[in-house]
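Please read the structure below before turning to the comments.
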Amino acid sequence: MAQDCPDLLNPLQGATNVPVDTSISWETVVGVTGYIISLGTTPGGSEIVNDQPVGNDPNFTPPLGLPESSTIYVTITLFFFDQDDIVCASQSFTTENVVTVPECTQLLNPENGATGVNVATNLRWGYAPRATGYWITIGTLPGAGDIANQLDVGNVLSYDPISNFPPDTEIYVLLQPYNENGLALSCTEEYFVTASLGNPPGCTYLITPENGAINVSLSPFLEWAPVPDALGYIVFIGRTPFINDVLDGAIFTTTSTYVLNFESNNTYYVRIIPFNEAGQAVSCEQESFSTILGCGPFYDPDTGELISFYPESSFPEVVGICENSLPTVIQSPDVGNGYRWFQLFDNGDELLLSEESTVEISETGMYRYEVYNLIEDAGSSIECTFSQDFEVVASSVATIEAVNIAEVNLLFEFTVAVSGIGEYEFSLDGVTYQDEPFFEGLPAGQYVLYVRDKKGCGVVERPVKLAYPPTGFPPYFSPNGDGINDYWQYVKPILDPLPLTTIYIYDRYGKILANFSPDSEGWNGRYNNNPMPAGGYWYKALTVDGEVFIGHFSLVR
């Protein structure tokens, strides 16, 4: 299958008046190892950001912001290890016209108040929103400017001094961002203290995994080359080149460490900075490696399919237990290497109930179901788990209370009335079920009605006979006291009489006028001893089997 390119989520394609310090985000593409982003002022342009890898995070903040009042073109490249990259079509938006001065910024390296700083250090600071350049003042006393005085370094975020800083000295730095509207106001001067004279250590490099390695284990052993005269190492690890969300400046006195639980199909960025009493190593490069083992999904370049080791599951969010059959055995519908069933409690506790494909449950409430596959990864097993919280509700098999039958235009229809605590569905063939308890357009004949509990508590059946026409219900009567047809009553036919229990009479508005047994005289055409007018009336006759026959007749005066 073709790999789809993502749409921009922020800013949207064609957006206008976008802030120059906006962050850019796009849709996640399943199975992609990573993204590369370019920004420019022409389609496919890259003069703002040129082919910057961002790992597998679909977000990017331009380190120097964006130019104002400009159309910005965003080009996303989908990065794969085992196939050619896919360069997506550029999408664009237009930035705002900036009319205010920028905000202030602060030092990132060295941090304000740092001590033991390498005399050969470079200065780095964060982007100041709306800035198009920076003035920097550096001195050995507050406000002195004896090393650099309001030096315009342009639109960059670092400065490499012409010469080393003096040792054992407080160094004061004032950063003043600017744009066409002027300088940032009231920015705070910061300082750091340099180390004594001596030689700081050099940089190191990854031994394992090697820089650029792929198929790295999800719990790798990180090892780097020892550096002479280094007292320790500061380690940064992140899923993008910009954010250290795994390790952020952890200090190690050895040259190795285990890292647990990396995510599969991710690129990880590593920077290791050796240090000693003379300060930190300078300009150490960032390295990276990638994990494409694990559960997936992974893109298969040979078939064009996404491969996943997670089990496929059809387990529902609601399960019924049958009140007439407790405990109820719940069977997993899925194929996997292992299963777990937990009962969940309101206080956050959970209880393991079973590690089989079935579980016995007697109580309603919240539970969790897990099914997993086991795969081998670098000599160890990994569980690829599907997990589903589900609610257990009480249910029961249905009781069919009545089947209300009516003749309409030479065909029949009927409605089913049921009772029970379950949720039910209905069928006339036991195969195809519907939610509505109503069937229409049926010719005369013998049918079987099936009512099934949706939670699996069982099916009940009832034969339904649709006789055309139902005989024994007179089409009219004339209660005029002449002794002929003065009462309306069911007349039992010789063949197949209905085993009736009660007959109800209604007017055309549905008001009950009378009810009587089939053994009585029947209806005399009166309500509250007042004669009813000539016209049409309805009957509903109930049988001992729960069937209901509905029809109409005429009262003639």
(message) Can you compute the FRET efficiency between residue 509 and residue 337 using 1/(1 + (r/R0)^6), with r the Cβ-Cβ distance and R0 = 60 Å? Round to the nearest 0.05.
(response) 0.35
(message) With a cut-off of 8 Å between alpha carbons and a minimum separation of six or more residues, what is the relative contact order of segment 168-268 in percent?
(response) 21
(message) Suppose every Lys and Arg Cβ carries +1 and every Asp and Glu Cβ carries -1, with no other charges. What dipole size does the chain come out with about its Cα centre, to the nearest 20 debye?
(response) 1940
(message) Within a 10 angstrom radius of the beta carbon, how do 455, 511 rank from fewest other beta carbons to most?
(response) 511, 455
(request) In whole Hz, with x marking every Gly and Pro, tabulate ³J(HN,Hα) for segment 340-350 from phi via Karplus 6.51 cos²θ - 1.76 cosθ + 1.60, θ = phi - 60°. (result) 9, 10, 10, 9, 9, 10, 4, 7, x, 6, 9
(request) Can you tell me the relative contact order of segment 476-555? Whole percent, Cα pairs under 8 Å, sequence separation 6 or more. (result) 31
(request) Would you be so kind as to identify which of 201, 252, 186 lies farthest towards the positive end of the dipole of segment 152-286, taking Lys and Arg as +1 and Asp and Glu as -1 on Cβ and the Cα centre as origin? (result) 252
(request) May I ask which residue of 63, 121, 73 lies farthest towards the positive end of the charge dipole of segment 28-148, with charges of +1 (Lys, Arg) and -1 (Asp, Glu) on Cβ and the Cα centre as origin? (result) 121
(request) May I ask you to list the lysines whose Cα is less than 25 Å away from that of residue 465, ignoring any residue fewer than eight positions away on the same chain? (result) 492, 540
(message) Could you tell me the relative contact order of the chain? Use alpha-carbon pairs under 8 Å, at least six residues apart, and round to a whole percent.
(response) 8
(request) Taking the dipole about the Cα centre of the chain, with the C-beta of Lys and Arg at +1 and of Asp and Glu at -1, give me whichever of 86, 286, 406 is farthest to the positive side. (result) 406
(request) Please report, in debye to the nearest 20, how large the charge dipole of segment 476-555 is about its Cα centre when each Lys and Arg carries +1 at its beta carbon and each Asp and Glu carries -1 there. (result) 300
(message) Using the Karplus curve 6.51 cos²θ - 1.76 cosθ + 1.60 with θ = phi - 60°, what ³J(HN,Hα) values do you get for each residue of segment 383-399, in whole Hz, with x for Gly and Pro?
(response) 8, 9, 10, 9, 10, 9, 6, 9, 9, 9, 10, 6, 8, 7, 5, 7, 10
(message) Residue by residue through segment 541-553, what is 3J(HN,Hα) from phi via Karplus (6.51 cos²θ - 1.76 cosθ + 1.60, θ = phi - 60°)? Round to whole Hz and write x for glycine and proline.
(response) 10, 9, 9, 5, 8, x, 7, 10, 10, 10, x, 10, 8
(message) How big is segment 476-555 along each principal axis, measuring the range of its Cα positions in Å and listing the largest first?
(response) 34, 28, 18
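Bear in mind that the values in this text are calculations on the coordinates, not laboratory data. Since the model is a prediction, treat every value here as computed from it, not as a measurement. Because the Cβ atoms are built from the backbone with ideal geometry, glycine has one as well, and the counts that use them run over all protein chains shown.
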